[in-house]
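The structure under discussion appears below in the form of structure tokens.
The values are calculated or read from the model by the stated rules, or taken from the named source; none is laboratory data. Keep in mind it's a predicted model, so treat the numbers as computed, not measured. Cβ atoms come from the backbone with ideal geometry, glycine included; neighbour counts cover every protein chain shown.
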């Protein structure tokens, strides 16, 4: 049986549905039982559900937690002495944030999985990297307590060379710095990363208003987060991509769907506009009564990840609405389920690493 260790060595979208189902049955059972034995709060929940953690079940039958539980409870499945950092989700002022406890093994697996998934988009070689954000301040670089925004910058930054920040501490565009970067790497493939709302607010709109442009047509942009605010402004994915292309020349633009509560196992967008489950993740769409939706039916998104070992975040019901489109048959050629995200459930809080930038600690 293929294990998580094996999966981390394989191309990230290479496991067929039947093989993946068997792998996930085994791996999820081990995770569920591990968290049952080592996280008292999780054990109480599982006992109330009268679920037998030692029995392997199909992935859709693994007990899931509402993602918001990490805002109100500190859930950990390893000894405090084994923890190396706490990952805090982003949120607007006054909102509670999720606190995710990470041990070295979980953090390393998240890093490896993210690298595998990103490499599928930009290639295996590290590339010159332009980060469409400001450099994290010294107050935010303490790895024992890190925000989702900073974690995203560091996580994707591992795939970059000559990492260059495009904005100053006041989120103003550093024109000279960007032009110097582009001159240093003329005719090279460059990796551009940023959070969706921050790119829109601090790059696209200012450049459009000034009538200025950069020439980064040799770049690949990966971005995510902050769509709620853009949707409120009637900016959809197609509008975003057109606008970014107009001010930067970038045509290779890929969104990702992910969250602090399952860092590493992001869902990468393909050129068909679909989010894809990797070898490390799965997705289910549920109705209000929590039964599974039919194909092409809208419902609440449940996300599965094989990575969380230090906290019980392997099966989470999100606050988002989506539709499952298919499995193993996307025209892009990637194996695994693929889906679209329509937005947040109406009563959900606005949150996400691209929804706010006032505080990155």
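Close Cβ contacts (under 8 Å, 6 or more residues apart or on different chains) running from residues in the stretch 43-65 that are buried (at least 17 other Cβ atoms within 10 Å of the Cβ) to residues that are part of a loop (DSSP other than H, G, I, E, B) comprise 45/63; 46/53; 46/63; 62/314; 63/49; 63/51; 65/312; 65/313. Among the residues of the stretch 326-339, the ones that are assigned to a strand (DSSP E or B) and surrounded by 17 or more Cβ atoms within 10 Å (Cβ to Cβ) come to 4 in all. Looking at 317, 292, just one residue is at pLDDT 95 or above, surrounded by fewer than 23 Cβ atoms within 10 Å (Cβ to Cβ) and within 30 Å of residue 104 (Cβ to Cβ), and that residue is 317. Of the residues making up the stretch 181-209, those that are assigned to a helix (DSSP H, G or I) and touching a strand residue (DSSP E or B) at 6+ places or on another chain (Cβ under 9 Å) number 10. Can you find a residue that is in contact (Cβ under 8 Å) with a residue 60 or more places away in the chain, farther than 22 Å from residue 254 by Cβ and surrounded by fewer than 18 Cβ atoms within 10 Å (Cβ to Cβ) anywhere in the stretch 162-183? Yes, the stretch 162-183 contains at least one residue that is in contact (Cβ under 8 Å) with a residue 60 or more places away in the chain, farther than 22 Å from residue 254 by Cβ and surrounded by fewer than 18 Cβ atoms within 10 Å (Cβ to Cβ). For the stretch 226-246, a residue qualifies if it is at pLDDT below 95, within 21 Å of the chain's Cα centre (by Cα) and assigned to a helix (DSSP H, G or I), and the qualifying residues are 227, 228, 229, 230, 231, 237, 238. Checked against the criterion of being over 27 Å from residue 225 (Cβ atoms) and surrounded by 17 or more Cβ atoms within 10 Å (Cβ to Cβ), the candidates 32, 118 yield just one match: 32. Within the option set 307, 316, being touching a helix residue (DSSP H, G or I) at 6+ places or on another chain (Cβ under 8 Å), under 19 Å from residue 224 (Cβ atoms) and either free of Cβ contacts under 8 Å to residues at least 40 places away in the same chain or part of a loop (DSSP other than H, G, I, E, B) (or both) holds for one residue only, 307. Pairs are defined by a Cβ separation below 8 Å, a sequence spacing of at least 6 or placement on different chains, a first member in the stretch 1-29 that is touching a residue at least 40 places away in the same chain (Cβ under 8 Å), and a second member that is surrounded by fewer than 16 Cβ atoms within 10 Å (Cβ to Cβ) and in a helix (DSSP H, G or I); the pairs so defined are 12/119. Filtering the stretch 253-273 to residues that are within 26 Å of residue 6 (Cα to Cα) and surrounded by fewer than 20 Cβ atoms within 10 Å (Cβ to Cβ) leaves only 270.
In the condition set (1) part of a helix (DSSP H, G or I); (2) under 30 Å from residue 153 (Cα atoms); (3) at pLDDT 95 or above; (4) under 22 Å from the mean Cα position of the chain (by Cα), residue 35 is compliant with all but (4).
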